[in-house]
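The values are calculated or read from the model by the stated rules, or taken from the named source; none is laboratory data. Nothing here was measured: the structure is a model prediction, and the numbers come from that model. Note that we place each Cβ from the backbone using ideal geometry, even for glycine, and neighbour counts take in every protein chain shown. Side chains included, ligands, DNA and RNA excluded: accessible areas come from the protein's heavy atoms. Shrake-Rupley method; radii C 1.70, N 1.55, O 1.52, S 1.80 Å.
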Amino acid sequence: MIGGSKRRRRIYARMVPMNAIITAPDLMNALAGERPPLLLDVRWQLGGPPGRPAYEAGHLPGAVYVDLDTELASPAGAAGRHPLPDLSAFAAAMRRAGVGRDRRVVTYDGGQGWAAARAWWLLRWAGHPDVRVLDGGLPAWTAAGGALTTELPGEHEGDFVPEPGALPLLTADDAAALARRGVLLDARAG
């Protein structure tokens, strides 16, 4: 979908935070506040080892691991390597992670930003109003003096119910049309 209705564009303009990025020092301050954000560890790399062992070896305190391949994407196939996840499976994964409609969320990965950005986009597309990506991911956190832990957080079921459409989608035909008349950036790995 390109553009959408005027109403949807107005809603989108109200929902997009001024800055989708949070720095490690700002995250440290937010975590020390009265309502700390939920942290989602989304470490993943193409052709690399699974992210869960790295998460178990050390992660930001309180962070919950979310698997890109199984929770943020449907199985690879005709729709691509990482098509949009089944909405009910995505909703269940986000609630299991503790995502709530009124709780800020910060996603991070191993530093490249691809996986954290995907989690950010999916949550924003599904209607979550306040999601940020940790600038520089885990390396920025540790460089700023942030501690890591192997302690697993307690389970806190969230109440997030996705309402897709908060961010626009493009079909393959829409993307081809955009590439002919404007600029289309392909950020996929080779």
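Exactly one residue among LEU138, LEU178 is surrounded by 13 or more Cβ atoms within 10 Å (Cβ to Cβ), assigned to a helix (DSSP H, G or I), in contact with a Gly (Cβ under 6 Å, 6 or more places away or on another chain) and not charged (D, E, K, R), and that residue is LEU138. Examine the range 99-119 for a residue that is farther than 18 Å from VAL133 by Cα, open to solvent by 40 Å² or more (accessible area, probe 1.4 Å) and of a type outside the set (S, T, N, Q), and state whether such a residue exists. Checking the range 99-119: not a single residue is farther than 18 Å from VAL133 by Cα, open to solvent by 40 Å² or more (accessible area, probe 1.4 Å) and of a type outside the set (S, T, N, Q). Would you mind stating whether ALA57 is among the small types (Gly, Ala, Ser), at pLDDT 80 or above and under 14 Å from the mean Cα position of the chain (by Cα)? No; evaluated as a whole, the condition is false for this residue. Restricting to the range 1-52, name every residue that is at pLDDT below 50, among the small types (Gly, Ala, Ser) and open to solvent by less than 50 Å² (accessible area, probe 1.4 Å). Residues satisfying the conditions are GLY3, GLY4. With respect to ALA166, is the statement that it is in contact with a Gly (Cβ under 6 Å, 6 or more places away or on another chain) and open to solvent by less than 40 Å² (accessible area, probe 1.4 Å) true? Answer is yes for this residue.
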